[in-house]
Ligand SMILES: C[S@@+](CC[C@H](N)C(=O)[O-])C[C@H]1O[C@@H](n2cnc3c(N)ncnc32)[C@H](O)[C@@H]1O
């Protein structure tokens, strides 16, 4: 009877040691091997929800004009909201030397494409892509925000831009304005016979109530 009892106790202690060892090894590995990029989900993640706008890339000439009109430079932290294949954040690092660039896209396929492009461009130390809904995102550390969405999405996003962003933050939008919030500057870029519009705003210290 006593030996049966001892056998049960020894067995219980062994199981407990094995499971403790396993769980601590798992958590150590998770902590040690989790770079910033690991925040992006794997390719097979299901979409968060349908995108609000389909993917259409901004031509490189227009990307360059957007970065130029906002005077993007090495002191900046740039966010592209709806970042597609990552061309705007990647170009901001390559051509303008920004401190950091972040792309946010709801579509996990775009995120893995963007991560592959950043890898190929050798800029993964300064670019991050996050699989998030931009309407649920916090981009308050941005000094520059770039957009290529739709007119109604820009207007829907306006209160979030004005409440999250610091006064002085620059915003550039490809092709679409911001409704009642009139741009400070505009530019046109001709690409293959089509005119692309670029709009530029600066976040004011006290936005008027009708824009918030
Ligand atoms: C017109 S593309 C612009 C891509 C890139 N910014 C460029 O200019 O080349 C719009 C992107 O927004 C993404 N998108 C749509 N709705 C979104 C949402 N709610 N949150 C985050 N991304 C979204 C789409 O998946 C798509 O990649």
For peptides 123-132, 52-61, sequence by mean Cβ density within 10 Å, most packed first: 123-132, 52-61
Label-to-label distance, nm, for residues given as residue 205 and residue 188 (7 Å Cα→Cβ offset): 3.7
Centroid-to-centroid separation of the stretch 173-207 and the stretch 112-129 [C-alpha atoms, Å]: 27
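The numbers here are math on the coordinates, done by the rules we state, and not lab data. Not measured: the values here are computed from a predicted model. No Cβ is skipped: glycine too gets one built from the backbone with ideal geometry, and neighbour counts run over all protein chains shown.
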